[in-house]
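**Student:** Structure incoming, see below.
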Amino acid sequence: MHVIDHGKGQPVENESRNVLSESARIARGSITDLAKLNVSNHDAVIFPGGFGAAKNLSTFAIDGKDCKVNKEVERVLKDFHDAGKPIGLCCISPVLAAKVLPGVDVTVGHEEEEGGKWPYAGTTQAITALGAKHTVKEVTISYLNTHVDKKNKVVTTPAFMCETKLHLIFDGIGAMVRDVLKLSGK
């Protein structure tokens, strides 16, 4: 959507980036376009969160509950769901599942801002407006901060939806990955 200078928290004028190139930079290796992902070649799928999920994988940052999800992201979510394979989502990305998987049960943390601790708590209203269920979870001890929707094989964790210590966010993301692997039988 646009490039953000995270030091200033503001968009950078006259600069653009390619999502695939940035993905390769972050992964430090070879990546493949999502359009080439075939569910039969994988045991599970995990979508990271962050504003990229809300601005590039969907239009949630602008359109809220009326958002559109990137067609390849939607296809992948539906393919894994239909195949009964686990899906992991963290931070803001559970809205992707809420939009494309009717009745899914996810978490993005708390439903109230609580003095700024949960600055994106309003996201929970969009999730329920989309027909999904939201379950309140913490970003504290790792076994408390993931939510597993066993029926849909969807694992979610709040991550950066909470203003807290980085190690707690790290632990929660690790717990999400652990629970996805557990559901996959790996």
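**Student:** Simple spin-label model, 7 Å along Cα-to-Cβ: residue 75 to residue 170 in nm?
**Tutor:** The two pseudo-label positions are separated by 3.7 nm.
**Student:** Same structure, new question: Report, in cubic angstrom per residue, the convex hull volume of the C-alpha atoms of region 78-180.
**Tutor:** Per residue, the Cα convex hull of region 78-180 comes to 74 Å³.
**Student:** Can you give the accessible area per residue of region 90-171, in Å², using a 1.4 Å probe?
**Tutor:** Here the residues of region 90-171 average 45 Å² of exposed surface.
**Student:** Which value at 222 nm does the chain reach when only helices count, each DSSP H run of 4 or more adding -39,500 (n - 2.57), with the total divided by all residues and rounded to the nearest 500 deg cm²/dmol?
**Tutor:** -9500 deg cm²/dmol, from helical runs alone.
**Student:** Rounded to whole Å, give me the distance from the Cα center of region 124-186 to that of region 20-90.
**Tutor:** Measuring centre to centre over Cα atoms gives 16 Å.
**Student:** Right, next: Leaving out ligands, DNA and RNA, and with a 1.4 Å probe, what % of the accessible surface on the chain is carbon or sulfur?
**Tutor:** Carbon-and-sulfur percentage of accessible area, whole number: 53.
**Student:** State the extension gain, in nm to one decimal, for the chain segment bounded by residue 113 and residue 83, taking 0.36 nm per residue of separation less the distance between their alpha-carbons.
**Tutor:** In short, 7.2 nm is gained.
**Student:** How high is the FRET efficiency from residue 150 to residue 13, r the C-beta distance, R0 45 Å, rounded to 0.05?
**Tutor:** Given R0 = 45 Å and the Cβ-Cβ separation, E is 0.45.
**Student:** OK, next. With N residues in region 1-141, what two-decimal value do you get for its Cα radius of gyration over 2.2 N^0.38 Å?
**Tutor:** 1.09
The values are calculated or read from the model by the stated rules, or taken from the named source; none is laboratory data. All of these numbers come straight from a predicted model, not from anything done at the bench. Every residue, glycine among them, receives a Cβ derived from its backbone with ideal geometry; neighbour counts consider all protein chains shown. Just so you know, the surface numbers come from the protein's heavy atoms only, side chains and all, with ligands and any DNA or RNA stripped out. Shrake-Rupley method; radii C 1.70, N 1.55, O 1.52, S 1.80 Å.
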